[in-house]
Every structure is written in structure tokens, then in C-alpha cells.
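Please read the structure below before turning to the comments.
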Amino acid sequence: MTAERPIAPGATVLVTGSAGFIGRHLVRQLLAAGYAVHGLDRVATGWSAAGYTEHVVDLLDRPGLTKILPAIAPVAVLHLAARTDLEETRDIAGYAANTEGVSNLLAAVAAAPTVTRVVCTSSQLVCRMGYSPAHDEDYKPTTLYGRSKVETEQRWRQADGAGRVWCLTRPTTVWGPGMNPHYLTFFALLRDARYFHIAGGPTPKSYSYVGNAVDQYQRLLEAPAAAIHRRTFYLADSPQLSLESWVEGFRVELGTRPIRTMPRPVARGLALIGDVVHGLGVRFPFTSFRLRNVITASVVDLGQTLSVCGPPPVEFAAGVASTVAWLRRVWAGGSRWAID
């Protein structure tokens, strides 16, 4: 572990994936805390704020990364940039940002002498839903995306974070204003009273309100080096909830009628129909893969995260209220990117 001066507001930090859902919230969190923030993404947003500078660079552009990091001269890098969908089913090469891109970032960090700490984002999907790993390198991915994130972690460990203080994060299901488009379909179903629970619950799940996730990133940025170095932290709300109670919170805030329950055999039949339709190349929102995710309990161990980051600051009801207010703006014709 390299010698490291304390990281505190006023320092210059780099957020990769700054145009993404979590990245946009993290940039705002760090600016509000007093950091000088540089954002790096392959997509330009045009967003501006005092203390913020945006850079358009692809993770697969090693020369570009190796040039830009020394020029920025950050003391820390919060690495969120990745391909995060589950759509790739043929070749892990489709997730090159999560594999080669990570190696490129490591090379760039090695060429940037000011960097003393890096927080690298992985995913809970390095293991299948419901699997409790025995240790940090006990992997059980079931998707190419999950496999690509295993490579993210392996490459990071093999390079020992380019000799810097480092840790890995595994976000769970992150929700909140500005969330990814596929959630909008779910919330529209809930709004229109067309959402069903699957019989057999409650199903414990780990969720992460985005405001809590970015607070945990900031705490990992500022924690003593010995508390985080070479460790892995799940990001999630506490206390953890069931799927049913999470959805019910939104139902109440939306003011829709009570949710009906679908018998599990009916759900399995519908999922099989979805498998056939999906196999024909037509998108279908409900498949056996989705059904397994819905009915499988999946709760992560937050002990290590809570010991370093403390309790998440945003309570569930407040997060729901903020998210529903954003949803109403989107449904009224506003941009889903507008999170303020």
C-alpha cells in the first residue's frame, strides 16, 4: 500500500462513467461536499456546474486515458464506467469496457503520479441471485455481464490497483431519480394497477437508493486507507427489505389500488411463453430468467460496508417520495435525465 495523504473536500477527484445514472448523482454529491470534480465518459452531457469539468474519452482508448489522467492530476479515481446491460448473450467481447477498459484504466492510473486511491465498481452479479459467496473471489456468474465483472475484479486484483490504495464495490439494485429506462416499464405497470406479485413471498432483496449509494462511495473515498485497502464492499440500503414491501412503498406513494397476486404456476406458464417469444428475437418483459430473479431471495452481507460507511442517510420513505416525484415529471413529458 502506497503512502497516502488524507482525502477530503477541496481535493481533485475523477469520476468515470459520469454520464451514467449513479455517476451523475455521485458528481453532484461530491460537488456539494466541496470537491473539485472531473467527469469522464464516452458520452457528452453538456451539463455544467461550478467546480466541474467534463471529459469525453472512451475506456477503450488507452492512449487517451493515459494522456488525460496526468493532465487532470486527481488524487482519487471513482471508477463507475461500464457496460451494464444484460443483453449480450453470445460473446463476452461485447463487454470490452468491463475487461479491456479496466486494464486501460489501470495503465492510466499507473501513469498518473498524483492518484493515491481508486474505488473500482463491480457488481453483485459476479454471483447468481441468492448465492452467498464464501469469500471475495468465490464467483458464480450466470450471465456474460456477470462474467465480465468477474474479469473486472480479477484484472484489478492482479494489477493490485496499479499500486494504489484501492477497494471494490458491488452495487445491488440501485433505484431513484434518473434510473435506467427498463424500470420505467415496471413503474408504469404499477401506476396502471397492472403489476402482480408472484405467490410465495415475501422475498428478501437488497436494494440501494441512489442517494445512499453515492454517500457510500464518498465514505469509501474518505475512509482511512487501512479500512478499505484490497477489500470489497456491497452497496445497499439498511435495513434491507423484501420485494413486496419495496413495491408496496411505491404503490402507496403512487396512490394506486392494492396489488393482486399471481399463482406461481400461472407465472411459470407466462414465463415460458416469454421464453419462446424472446427466442424468436422479439423483446418480451417476462421470461424464466426474469421469474427466477423475482422469486429468488437475494440479500447481501452489509457488515463490512456499515462498519466503514455508517448507516445510509436516506430513509426508504424519503427515497420513494423523491423517486415518485421524478416519475411524475417524466410522465408529464420531462426528461428522465433531469434528476434535480
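The values are calculated or read from the model by the stated rules, or taken from the named source; none is laboratory data. Since the model is a prediction, treat every value here as computed from it, not as a measurement. Methodologically, a virtual Cβ is constructed for each residue, glycine included, from the backbone with ideal geometry; neighbour enumeration extends over all protein chains shown. These area figures cover heavy atoms from the full protein model, side chains too; ligands, DNA and RNA do not enter into them. Shrake-Rupley method; radii C 1.70, N 1.55, O 1.52, S 1.80 Å.
Structural remarks
- The single condition from (1) of a type in the set (Asp, Glu); (2) under 25 Å from GLN158 (Cβ atoms); (3) modelled with pLDDT under 95 that GLU87 fails is (2).
- If you filter region 154-188 down to residues that are closer than 20 Å to ALA321 by Cβ and of a type in the set (A, V, I, L, M), you find that the one that is most open to solvent (accessible area, probe 1.4 Å) is LEU184.
- Each residue in region 280-321 was checked for being in contact with a helix residue (DSSP H, G or I) (Cβ under 6 Å, 6 or more places away or on another chain), part of a helix (DSSP H, G or I), at pLDDT below 95 and open to solvent by 30 Å² or more (accessible area, probe 1.4 Å), and 0 of them qualify.
Residue-wise test of (1) in a helix (DSSP H, G or I); (2) closer than 28 Å to ASP301 by Cα; (3) open to solvent by less than 10 Å² (accessible area, probe 1.4 Å).
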site	(1), (2), (3)
LYS67	yes, no, no
PRO74	no, no, yes
ARG90	no, no, no
VAL109	yes, no, yes
GLY146	yes, yes, yes
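- Of the residues contained in region 201-221, one or more are found to be open to solvent by 10 Å² or more (accessible area, probe 1.4 Å) and closer than 21 Å to TRP331 by Cα.
- Subset of region 268-279 [open to solvent by 60 Å² or more (accessible area, probe 1.4 Å), closer than 20 Å to ARG194 by Cα and hydrophobic (A, V, I, L, M, F, W, C)]: LEU270, LEU272, ILE273
- Residue check, VAL214 in a helix (DSSP H, G or I) and closer than 20 Å to LEU31 by Cβ: yes
- Checking ARG257 against (1) out of contact with any strand residue (DSSP E or B) (no Cβ under 9 Å at 6 or more places or on another chain); (2) open to solvent by 10 Å² or more (accessible area, probe 1.4 Å); (3) assigned to a helix (DSSP H, G or I), the condition it does not meet: (3)
- Top-ranked residue of region 111-140 - restricted to ones that are open to solvent by 20 Å² or more (accessible area, probe 1.4 Å) and of a type in the set (Gly, Ala, Ser), ranked as nearest to LYS67 (Cα to Cα): ALA111
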